[in-house]
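Reading through the structure tokens given below for one structure.
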Amino acid sequence: MKYKHILVALELSEESNVLIDRAVFLAKQFNADVSFIHIDGTHGEIYPELVDIQAQPDENPLGEPKMDQLRAFVVQANHPVKHFLIGTGDLSEKLKGTIEENGVELLICGHHHDFWSKIVSYSKHLINNSPVDILVVPIKSN
């Protein structure tokens, strides 16, 4: 299958760079668009709508320190980023609509190989709710 639009689910950690690198590699192979999504689930659903900081660069839905970290991912990509969707709540609940609205064909997410991920796997929730192919990239824990 030739993917035309790849969506990368990012956390606020350097480990997300592994996912970005994978997405950019695949995008170059398929001549595909790349978009990012970050959902902050720490405070519940404060902002029900997603903000595209590529289209609205002055929007600051998560506060300046977090936004600086997120903007650094665009620089890290060294590749055009079509959309960078930011919001709050539960990523798995926002996925279906986001994927359909943006014509996404591949979702890339990470999975930590640590004690807690063996008990509670967030990747499983994404897999159960995604209407498109998913590439789950193992993230080695320190």
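The values are calculated or read from the model by the stated rules, or taken from the named source; none is laboratory data. These numbers were taken from a predicted model, which means no experiment stands behind them. Don't worry about glycine lacking a Cβ; one is built from the backbone with ideal geometry, like all the others, and counts go over all protein chains shown.
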From the residues in region 49-88 that are among the charged types (D, E, K, R) and outside any loop (DSSP other than H, G, I, E, B), which one is farthest from LEU126 (Cα to Cα)?
GLU64
Output for region 30-48, where each listed residue is more than 18 Å from ILE6 (Cα to Cα) and not in a loop (DSSP other than H, G, I, E, B)
ASP40
Matching option when the condition is in contact with a Lys or Arg (Cβ under 8 Å, 6 or more places away or on another chain), more than 19 Å from VAL137 (Cβ to Cβ), at pLDDT 95 or above and not charged (D, E, K, R), among GLY103, GLY87:
GLY103
Please verify whether PRO61 is farther than 18 Å from ASN129 by Cα and surrounded by fewer than 16 Cβ atoms within 10 Å (Cβ to Cβ), treating the condition exactly as stated.
no
Could you count how many residues in region 35-77 are within 25 Å of ARG22 (Cβ to Cβ), without any contact (Cβ under 8 Å) to a residue 24 or more places away in the chain and not basic (Lys, Arg)?
4
In region 70-84, residues that are more than 16 Å from ALA32 (Cβ to Cβ), in contact with a strand residue (DSSP E or B) (Cβ under 9 Å, 6 or more places away or on another chain) and surrounded by fewer than 16 Cβ atoms within 10 Å (Cβ to Cβ) total 1
Which pairs have Cβ atoms under 6 Å, sit 6 or more apart or on different chains, and link a residue in region 89-114 that is closer than 18 Å to HIS5 by Cα and part of a helix (DSSP H, G or I) to one that is at pLDDT below 85 and aromatic (Phe, Trp, Tyr)?
none
Which of the following residues is touching a residue at least 24 places away in the same chain (Cβ under 8 Å), closer than 24 Å to GLU93 by Cβ, out of contact with any Lys or Arg (no Cβ under 9 Å at 6 or more places or on another chain) and not in a loop (DSSP other than H, G, I, E, B): ALA23, ALA27?
ALA23
Aromatic (Phe, Trp, Tyr) and either over 21 Å from PRO138 (Cα atoms) or in contact with a Gly (Cβ under 9 Å, 6 or more places away or on another chain) (or both): which single residue out of PHE36, PHE25, PHE30 fits that description?
PHE30
Take the residues in region 1-19 that are without any contact (Cβ under 8 Å) to a residue 60 or more places away in the chain and over 13 Å from the mean Cα position of the chain (by Cα), then tell me which one is surrounded by the most Cβ atoms within 10 Å (Cβ to Cβ).
GLU14
